[in-house]
Amino acid sequence: MSIFKKLGWFFKAERKHYIIGIIALIVVAIVQLIPPKIIGVIIDEIDGRVLTRSRLVMWISILVIAAILQYVFRFIWRTNIWGSAARLERSLRERLFRHFTKMDHEFYQQHRTGDLMAHATNDVSAVQNVAGAGILTFADSLITGISTIVAMVLFVDWRLTILAMIPLPLLAVTSRVLGSKIHAAFRESQAAFSTINDKAQESITGMKVIKTFGQEQEDIADFETKIEHAIVKNQRVNRLDALFDPAITLIIGLSYVLTIIIGGRYVMNGTITIGQLVSFVSYIGMLVWPMFAIGRLFNVIERGNASYDRIEALLAHQTHIIEEKHGIKTKAHGDLTIAINEFHYPKQKAIALQEIQITLKEGQTLGLVGKTGAGKTTLLKLLLREYDHFDGKILFGQHGLSQYTLDALLQSIGYVPQDHFLFSMTILDNIRFANPTLPKEQVYQAAKIAAIHEDILQLPEGYDTMVGERGVSLSGGQKQRLSIARALVVRPELLILDDALSAVDAKTEEKILTQLRTAHHRQTTIIAAHRLSSVMHADEIVVLDEGKITERGTHHELLAYDGWYRKMWEKQQLEAKIEGGEA
């Protein structure tokens, strides 16, 4: 029952609705005692040959009124109890989604997408069942059980009631033994479901790669293995759950046997009437639901308890990016100063960056180059505050990055990542994602600078064209340029292009860079690239190798120095000539 204590905050907030619902349950429980009593009375009047037409009409009228009352009050408890449960579901989903949006990069490295989806679907539904079916089952079984037993004592015979109740303590023993086992089994079942979610999400996302390498059958076999594992775990839950029903049936059966044997003797010696015995048997039938409900209740509670523990464990994670309570709320602007003595990723000993000293004046352009894994993207992650724990400082204007609120800082930065994520919406809405009410003219202007405007006009529905999930209907170059346009519409003080021109040809690249320089001359720009033509016009170019600056200067200065930059430039120029000759 610890789950009810864990959800105490919710029950306190919804106490009005639960009180109304439970009162309605009490009324239903009392009203439903009337029909068995009336049926017993009618049988006795038939047996005594005193039943008249008027009395039969009266008894039937009472039965109809009782049925109407049950209908009305059942509607009341359903709307209040189930309505409250729906609000709990909404609250948990909102809490989880808000939590997901606040978590940092490290959190998403630790948790796979499928597992997070399982928490937000199956686990939330299991907890919602506690607040709905759990409360209903607990209150209804308790109220119905007590009221029925009271009616058996008052309307029939207290001795027969005690005898009929003798087998019932066996139920408590059964529930206690099986309850703890169901809790552990359901945790394993939910974990197996998360694994299936992970596999399905990963396979669907990577279907193109799977088909390219001809691994369909192997992937299906892996999925089937995980399905089999989940089935085994669910079968254990179902086996334990199924043990409740036979136990309850046996217990109720014993009660019936005792009632028929002892009750028959009471009728024979005149202690009770035949009508009272019929009413008593009906009341025992009414006890079947509370008995079965207790078994169901333990199932719901243990499932919900296991799921709530999983949700709470997820919500307990704290982001490592902490905002100052009174952080600067105005957009960051000004010179950019980077002074990093040392940085390494959490739980890794290898140094990712060291001795990085860069000063970038407002409106200038910085080029970051180097071989794969040199540290370019790592440096950009620090600028975006994906990690805060490093030895050194980064100033934007006169203030450190951590002095700004995240909203103020990130609204000042237009970021185009290597992985160009587009949403399943129109091209127009993708570009103005940061400001859904942005006038179309400003969207067109950003698209023209990103050299994608003409491409969009060639599409069947222009800017109203749906791009498909993750932009599946667009080419790599089109997705890159759309991402650039999306970054430009926020009019950023700092524009970061992380290898964002790799999928466009040299002519389009030159056009985009030229338009960026002329359209936003006060905008500070950082371009991380493998193709050196992307950074040749930068005010300063920094060459990184194993997290250190090995060369720096302008394009011409680096060409004059016989280093990595010059060799890579000559190599790329030769490749361009060969490709041009072949063309």
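The values are calculated or read from the model by the stated rules, or taken from the named source; none is laboratory data. Please read all numbers here as calculations on a predicted model, not as lab measurements. All Cβ positions, even for glycine, are placed from backbone atoms using ideal geometry, and neighbour counts span all protein chains on display.
So which of ASP419, ASP407, ASP429 ends up being free of Cβ contacts under 8 Å to residues at least 40 places away in the same chain, outside any loop (DSSP other than H, G, I, E, B) and closer than 30 Å to GLN480 by Cα?
ASP429
Restricting to the stretch 463-487, and then to whatever is in a loop (DSSP other than H, G, I, E, B) and exposed (fewer than 14 other Cβ atoms within 10 Å of the Cβ), can you tell me which residue is modelled with the highest pLDDT?
Of all residues in the stretch 463-487, those in a loop (DSSP other than H, G, I, E, B) come to 465, 467-468, 472-475.
After this cut, where a residue has to be exposed (fewer than 14 other Cβ atoms within 10 Å of the Cβ) as well, the list is 468, 472, 475.
Details: GLY468: 67, VAL472: 59, SER475: 80.
This residue is SER475.
Taking the condition in a helix (DSSP H, G or I) and over 25 Å from LYS381 (Cβ atoms), does LEU116 pass?
no
When the residues of the stretch 23-72 are narrowed to those that are over 47 Å from the mean Cα position of the chain (by Cα) and not in a helix (DSSP H, G or I), which ends up surrounded by the fewest Cβ atoms within 10 Å (Cβ to Cβ)?
ARG49
I need the strands (runs of 3 or more DSSP E) fully contained in the stretch 331-403, keeping only those with at least 3 residues that are outside the structural domain of PRO417 (by TED's automatic domain parsing) and at pLDDT below 90.
It comes to none.
In the set GLU342, GLU324, GLU386, which member is in contact with a helix residue (DSSP H, G or I) (Cβ under 6 Å, 6 or more places away or on another chain) and farther than 30 Å from THR518 by Cβ?
Of the residues listed, the single one that is in contact with a helix residue (DSSP H, G or I) (Cβ under 6 Å, 6 or more places away or on another chain) and farther than 30 Å from THR518 by Cβ is GLU386.
If I filter the stretch 154-173 for residues that are under 30 Å from HIS320 (Cα atoms), among the hydroxyl-bearing types (Ser, Thr, Tyr) and assigned to a helix (DSSP H, G or I), do I get at least one hit?
So far as the stretch 154-173 goes, no, none of its residues is under 30 Å from HIS320 (Cα atoms), among the hydroxyl-bearing types (Ser, Thr, Tyr) and assigned to a helix (DSSP H, G or I).
With the structure loaded, tell me whether GLU493 is surrounded by 16 or more Cβ atoms within 10 Å (Cβ to Cβ), within 19 Å of GLY414 (Cα to Cα) and modelled with pLDDT of 90 or more or whether it fails that test.
yes
Go through the stretch 266-313 residue by residue and tally those that are under 20 Å from VAL124 (Cβ atoms) and either aliphatic (A, V, I, L, M) or assigned to a loop (DSSP other than H, G, I, E, B) (or both).
Selection size over the stretch 266-313: 6.
The rows are residues; the columns are (1) in a helix (DSSP H, G or I); (2) free of Cβ contacts under 8 Å to residues at least 12 places away in the same chain; (3) surrounded by 12 or more Cβ atoms within 10 Å (Cβ to Cβ).
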{"residue": "HIS537", "(1), (2), (3)": "no, no, yes"}
{"residue": "HIS556", "(1), (2), (3)": "yes, yes, no"}
{"residue": "ASP562", "(1), (2), (3)": "no, yes, no"}
{"residue": "TYR565", "(1), (2), (3)": "yes, no, yes"}
{"residue": "MET568", "(1), (2), (3)": "yes, no, yes"}
{"residue": "LYS571", "(1), (2), (3)": "yes, yes, no"}
{"residue": "ALA576", "(1), (2), (3)": "yes, no, yes"}
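Output the qualifying pairs, or none if there are none: Cβ atoms under 7 angstrom, residues six or more apart or on different chains, first residue in the stretch 187-212 and over 10 Å from LYS233 (Cβ atoms) and aliphatic (A, V, I, L, M), second residue at pLDDT below 75 and in a helix (DSSP H, G or I).
Filtered contacts from the stretch 187-212: ALA200/GLY114.
Yes/no matrix, rows are residues, columns are (1) free of Cβ contacts under 8 Å to residues at least 12 places away in the same chain; (2) part of a helix (DSSP H, G or I); (3) polar (S, T, N, Q):
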site: GLU218; (1), (2), (3): yes, yes, no
site: THR225; (1), (2), (3): yes, yes, yes
site: PRO246; (1), (2), (3): yes, yes, no
site: ILE252; (1), (2), (3): no, yes, no
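Conditions tested, residue by residue: (1) modelled with pLDDT of 80 or more; (2) buried (at least 17 other Cβ atoms within 10 Å of the Cβ); (3) hydrophobic (A, V, I, L, M, F, W, C).
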{"site": "SER194", "(1), (2), (3)": "no, yes, no"}
{"site": "GLN201", "(1), (2), (3)": "no, no, no"}
{"site": "LYS211", "(1), (2), (3)": "no, no, no"}
{"site": "ALA221", "(1), (2), (3)": "yes, no, yes"}
{"site": "LEU240", "(1), (2), (3)": "no, yes, yes"}
{"site": "GLN276", "(1), (2), (3)": "yes, yes, no"}
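Restrict the check to the stretch 118-129 and report whether at least one residue is at pLDDT 80 or above, in the same structural domain as THR195 (by TED's automatic domain parsing), buried (at least 17 other Cβ atoms within 10 Å of the Cβ) and closer than 30 Å to TYR283 by Cβ.
Yes, because at least one residue in the stretch 118-129 is at pLDDT 80 or above, in the same structural domain as THR195 (by TED's automatic domain parsing), buried (at least 17 other Cβ atoms within 10 Å of the Cβ) and closer than 30 Å to TYR283 by Cβ.
May I ask you to say which residue of LYS440, LYS448 is of a type in the set (Lys, Arg), free of Cβ contacts under 8 Å to residues at least 40 places away in the same chain, surrounded by fewer than 19 Cβ atoms within 10 Å (Cβ to Cβ) and over 30 Å from HIS326 (Cα atoms)?
LYS440
Based on this model, can you work out whether ALA500 counts as in contact with a strand residue (DSSP E or B) (Cβ under 6 Å, 6 or more places away or on another chain), over 19 Å from SER424 (Cα atoms) and part of a loop (DSSP other than H, G, I, E, B)?
So ALA500 passes the test.
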